[in-house]
Amino acid sequence: MNPVILNKVAKHYRLDSVDVPALADINLEIHPQRFTVLSGPSGSGKTTLLNLIGCVDRPDSGEIIVAGEPVLALKDDALSDFRARRIGFIFQNFNLLPVLSAYENVEYPLLLNKTPPKQRRERVLSLLDAVGLADRARNRPGQLSGGQRQRVAIARALATEPTLVLADEPTANLDSHTGDAIIQLMRKMQRELKVTFVFSSHDPQVLAEADDVVSIRDGRITEIRRQEDVQ
Amino acid sequence: MNTFKLALRNLLRNHRRSLTTLLAMTIGAVSILLFGGYARNINYGLQTGYVQHSGHLQIQHKDYFLYGSGNPAAYGIRNYQHVIEVVKNDPVLAPMLTVVTPVLSLGGIGGNFAAGVSRTVVGSGVLVDDQNRMRLWNDYDFPLHPKKLALTGTAPDSAVIGTGVARVLQLCGPLKVKNCPQAQVAVASGADAPSDIAALSDQERVQDAAPTDTSPRIELLAANAHGAPNVASLKVVKAESQGVKEFDDLYVGLHLPQAQRLVYGAEQPQATAIAIQLKHTSQIPAATARLDALLGTTLKSEPLEVHDYATLNPSYGQITGMFSAIFGFIAILIGAIVLFTVGNTMSMAVVERTVEIGTLRAIGLRRGGIRRLFVTEGLLLGAIGAVLGVLVSLALAYLVNHGGLTWTPPGNSDPVPLTVRVWGEVPMIIGTAIGLMVVAVISAWWPARRAAKLEIVEALRHV
Ligand SMILES: Nc1ncnc2c1ncn2[C@@H]1O[C@H](COP(=O)(O)OP(=O)(O)OP(=O)(O)O)[C@@H](O)[C@H]1O
Ligand SMILES: [Mg+2]
């Protein structure tokens with residue numbers, strides 16, 4: 001089963017009594033264990049779509065099924081728990097908790113998940129090791145570079161072994177060299193852990209790494225190019 | 001990483017703002033505790049004064065308190081010695097008692113007929129040894145040096161008068177009273193004293209007067225048990241200030257047997273009150289209950305009732321009530337200040353950390369978790385503020401108490417050391433600390449609710 005299914009999803013914003021259509025008639029299935037990129041010009045609706053997939057926003061109409069769960073039926077607390085279990089987030093601005101060390105940031109979702117301490121520790125250490133920050137575990141985000149922070153964020157997003165990891169322009173705040181390294185790291189982790197990755201980008205470097213590319217323009221999907229189709 | 005640790009770190013993150021907030025709370029707690037300690041001290045000081053002079057409880061003839069003062073003839077306790085025996089030997093009461101002693105109050109006229117002056121007075125007949133033992137009561141450890149009664153060791157016909165009485169009776173000179181202006185009004189000479197009173201007085205004096213004594217004498221005229229006038233000639237050994245002017249102008253202290261002879265003559269002597277001093281003030285309810293039980297059974301033959309010192313001295317309740325009102329006012333004022341300070345701090349924190357709130361919600365923290373986080377921060381601020389406040393108050397109280405300051409409490413004639421009681425006042429300390437924390441939590445509640453209600457997407461977009 002596909003981890004994300006969207007059926008006739010539409011969303012608009014109201015700005016001073018003017019309707020701003022953000023998404024219209026979105027029908028999309030994300031295939032499992034793929035590296036899917038949402039691509040499109042600024043203002044096309046990438047962030048809006050990712051927010052809907054990530055269950056942090058609700059559409060005006062349509063149906064959204066994530067990991068087999070019709071999430072629109074869930075109440076707020078259940079939805080929070082669902083996100084904690086199933087979805088990892090990577091943000092453009094890293095969004096680490098500044099008062100927590102790298103270790104504690106990665107550990108946080110596991111605490112929400114009530115993972116037993118021993119397991120928690122093993123998981124955090126192995127993830128920090130995998131993103132190459134085993135020696136910076138005690139550092140707080142303020143003491144880390146942008147690239148290092150995003151690595152911590154990747155480890156945090158993967159901590160609970162989610163079905164789905166979402167990343168909204170994860171390299172936009174990094175120089176191209178660091179951005180490349182981050183993309184490579186995500187690619188590696190995605191393959192090793194067999195997670196489904198969805199992220200938005202207009203970086204050609206990123207598009208080149210993608211399995212599937214979903215093109216959006218003015219809130220509508222204009223093209224879905226999948227790996228099989230490419231081959 | 002539990003909520004507590006996270007909240008603490010968030011407070012430390014903006015330590016300047018947290019410190020300012022803490023400072024406001026500490027100052028608030030200190031003002032409450034120091035004023036509370038001062039009020040407590042006054043309360044204990046007054047209590048100690050009353051208890052040393054008239055005991056915790058008094059057994060009186062029913063209605064004496066309302067209608068009978070100054071009328072020992074109608075409201076005396078006939079069997080007072082028996083009552084005292086019963087009280088002293090009661091197995092429940094005995095362990096609580098320090099002193100049980102009879103007192104006879106009588107209204108009369110004090111006259112210095114040699115100078116042709118007289119005035120109404122209130123005589124107080126006491127057992128000197130018992131009274132001296134009552135003066136030793138110091139359950140609140142005041143730095144007091146108990147003075148013995150001036151009547152101690154004096155002849156049976158001796159008296160001590162208030163300086164006000166001495167002033168009116170023109171005895172300031174012989175009694176060496178300072179600051180005692182003499183009236184300018186011309187008064188009649190002693191030769192004009194009514195002959196019948198002089199005769200009565202002379203009869204009395206024959207019995208025990210030492211002719212060589214140079215102490216001034218006064219005549220105390222009172223109604224006896226049958227309503228006829230009787231006179232005692234008293235040797236005034238000292239004039240003593242009684243603190244409160246109204247009382248100072250009336251007071252004549254004398255030995256109980258002398259007072260009894262004046263009122264009851266050769267008949268069975270009575271007392272108007274039995275003063276009961278307990279080891280601790282906290283024993284009043286238990287002792288009262290037991291006394292009521294005794295008065296209803298063993299001692300049923302006479303209509304008696306029990307009053308505590310607060311009832312007998314209405315000014316006690318008035319003074320402590322006034323301090324409670326001021327204390328309440330200060331507490332409310334400071335509560336309001338803390339409410340707004342903490343509320344403001346937490347509101348700023350919520351705005352600053354909007355993106356963080358969105359992030360936490362996105363990765364799966366429930367609304368309740370966000371609320372708990374901010375409320376915990378408020379609680380921590382309150383708790384730290386309370387602890388600091390208590391510590392600073394204790395330190396300041398120590399400095400005040402060892403600073404050698406003195407003051408004269410209402411109704412006292414001598415200055416006493418100024419002390420504030422914070423140390424050991426556990427209910428007050430805990431009450432203030434909990435109050436502060438409750439206020440801090442309440443003021444954190446609204447910002448916390450606002451934080452929890454944020455839409456995730458909006459919060460994440462916040463710049
Ligand atoms: N909170 C909002 N209120 C009003 N309009 C909004 C809001 N969020 C997004 N929009 C509008 O919805 C449309 C889609 O926005 P969205 O942020 O999804 O675009 P995007 O593809 O992520 O753009 P970018 O590449 O610049 O991040 C835009 O026209 C935007 O102006
Ligand atoms: Mg965007």
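If you roll a 1.4 Å probe over the heavy atoms of the protein chains, what accessible area per residue do you get for segment A:4-226, in Å²?
Dividing the accessible area of segment A:4-226 by its residue count gives 43 Å².
Could you work out the per residue convex hull volume over the alpha carbons of segment B:63-302, in cubic angstrom?
146
For a distance above 20 Å, tell me the whole-number percent of Cα pairs in segment A:23-125 that qualify.
51
What's the average, rounded to a whole number, of partner chain beta-carbon atoms within 10 Å of each residue's beta-carbon in A:97-109?
4
Just the Kirkwood number for the protein assembly as shown, please: inverse of mean 1/r across all distinct Cα pairs, in Å, one decimal.
32.8
In segment B:81-100, whose amide N lies under 15 Å from the spot 7 Å out along Cα-to-Cβ of B:Ser301? List them in ranges.
From segment B:81-100, the list is B:81-87.
I'd like the residues of segment B:1-33 whose 1.4 Å-probe accessible area shrinks by no less than 40 Å² going from the isolated chain to the full set of protein chains.
Residues shielded by partner chains are B:Met1, B:Leu6, B:Arg9.
At what distance in nm do the modelled label points of B:Lys88 and B:Arg367 sit from each other, each positioned 7 Å from its Cα along Cα→Cβ?
Modelled inter-label distance: 7.5 nm.
With the crude spin-label approximation of a point 7 Å out along Cα→Cβ, what separation in nm comes out for B:Arg133 versus A:Glu122?
Result: 7.9 nm between the two label points.
Have a look at the DSSP beta bridges in segment A:4-226 and tell me what percent are antiparallel, nearest 5.
Of all bridge pairs located within segment A:4-226, approximately 55 percent are antiparallel.
How far apart, in nanometres, would the label points at B:Ile109 and B:Arg13 be if each is projected 7 angstrom from Cα along the Cα-to-Cβ direction?
Output for this residue pair reads 8.7 nm.
Pop out the carbon and sulfur fraction of the accessible area of chain B as a percent, whole number, probe 1.4 Å.
62
Partner chain Cβ atoms within 10 Å, averaged over the residues of A:76-84 - can you pull that number for me?
The shielding value for this peptide is 5.
Taking 50 Å² as the minimum loss, tell me which residues in segment B:365-400 lose that much accessible area going from the chain by itself to the full protein complex (1.4 Å probe).
Residues shielded by partner chains are B:Arg366.
Give the cross-link partners of B:Lys300 among the aspartates and glutamates, using a straight C-alpha distance below 15 Å as the criterion and excluding same-chain residues fewer than 8 apart.
B:Lys300 reaches B:Glu85, B:Asp292.
Roughly what % antiparallel, to the nearest 5, for the DSSP beta bridges in segment A:149-226?
Percentage antiparallel, nearest 5: 50.
Using a 1.4 Å probe over the heavy atoms of the protein chains, calculate the carbon and sulfur portion of the accessible area of chain A as a whole percent.
With neighbouring chains kept in place, the figure for chain A is 46 percent.
Considering amide H positions built from the backbone, and no H for Pro or chain starts, which residues 5 or more places from B:Ser158, or on another chain, come under 5 Å of its amide H?
Here B:Lys235, B:His255 satisfy the definition.
Give me the accessible area per residue for segment B:63-302, probe 1.4 Å, as a whole number in Å².
Using a 1.4 Å probe on heavy atoms only, each residue of segment B:63-302 averages 48 Å².
Return the tail of the calculated pair distribution for chain B, meaning the percent of Cα-Cα pairs more than 42 Å apart.
Of the Cα pairs, 40 percent sit more than 42 Å apart.
Per residue, how large is the accessible surface of segment B:395-463? Use a 1.4 angstrom probe and give square angstrom.
For segment B:395-463, the per-residue accessible area is 59 Å².
About the Cα centre of the protein assembly as shown, what is the dipole size in debye to 20, counting +1 per Lys and Arg Cβ and -1 per Asp and Glu Cβ, all else neutral?
So the magnitude is around 1760 debye.
Give the cross-link partners of A:Lys46 among the lysines, using a straight C-alpha distance below 23 Å as the criterion and excluding same-chain residues fewer than 8 apart.
A:Lys8, A:Lys11
Take each complete run of DSSP H in chain B, measure how far its Cα atoms stretch along the helix's own axis, and keep only those covering 24 Å or more with mean Kyte-Doolittle hydropathy at least -0.5; list them.
Long hydrophobic helices here: B:15-54, B:314-352, B:367-401, B:426-453.
Restricting the count to DSSP beta bridges whose residues both fall in segment B:63-302, what percent are antiparallel, rounded to a multiple of 5?
Taking every DSSP beta bridge within segment B:63-302, about 75 percent pair in antiparallel fashion.
Just going by the charge dipole of segment B:1-141, with Lys and Arg at +1 and Asp and Glu at -1 on Cβ, which of B:Asn43, B:Gln131, B:Tyr75 is farthest out on the positive end?
B:Asn43
Which log10 I(q)/I(0) values does segment B:292-445 give at q = 0.13, 0.14, 0.16 Å⁻¹ under the Debye formula, counting every alpha carbon as one identical point scatterer?
Treating every Cα as an identical point scatterer, log10 I(q)/I(0) equals -0.83, -0.89, -1.01.
Accessible area lost on pairing B with A, both sides, 1.4 Å probe, Å² to nearest 100?
2100
Give the Rg (one decimal place) followed by the Dmax (whole number) of chain A, computed from C-alpha coordinates and expressed in Å.
Radius of gyration, then largest Cα-Cα span, for chain A: 17.4, 54 Å.
Quick one: check the C-alpha center-to-center distance for segment A:142-198 versus segment B:220-282, whole angstrom.
When both Cα centres are located, 96 Å separates them.
Set the bar at 26 Å for Cα to Cα. Now go through B:Lys5/B:Lys453; A:Lys188/B:Lys5; A:Lys194/B:Lys5 and name every pair that lies beyond it.
From B:Lys5/B:Lys453; A:Lys188/B:Lys5; A:Lys194/B:Lys5, over 26 Å: A:Lys188/B:Lys5; A:Lys194/B:Lys5.
What angle do you read, to the nearest 10 degrees and between 0 and 90, between the alpha-carbon axis of helix A:102-112 and the longest principal axis of chain A?
Helix A:102-112 and the main axis of chain A meet at about 60 degrees.
Per residue, how much space in cubic angstrom lies within the convex hull of the C-alpha atoms of segment B:114-171?
Convex hull volume per residue, Cα atoms: 121 Å³.
Write out the cysteines belonging to the protein assembly as shown for which the nearest other cysteine Cβ is not under 4.7 Å, or none if no such cysteine exists.
A:Cys55
Of B:Leu220, B:Ala266, B:Thr101, which is farthest on the positive side of the dipole of segment B:63-302, counting Cα position, with +1 on Lys and Arg Cβ, -1 on Asp and Glu Cβ, and the Cα centre as origin?
Among B:Leu220, B:Ala266, B:Thr101, the one farthest towards the positive end of the dipole of segment B:63-302 is B:Thr101.
The values are calculated or read from the model by the stated rules, or taken from the named source; none is laboratory data. What you see is a predicted model, and the numbers here were worked out from it, not measured in a lab. Cβ atoms come from the backbone with ideal geometry, glycine included; neighbour counts cover every protein chain shown. With ligands, DNA and RNA removed, areas are computed over all heavy atoms of the protein, side chains included. Shrake-Rupley method; radii C 1.70, N 1.55, O 1.52, S 1.80 Å.
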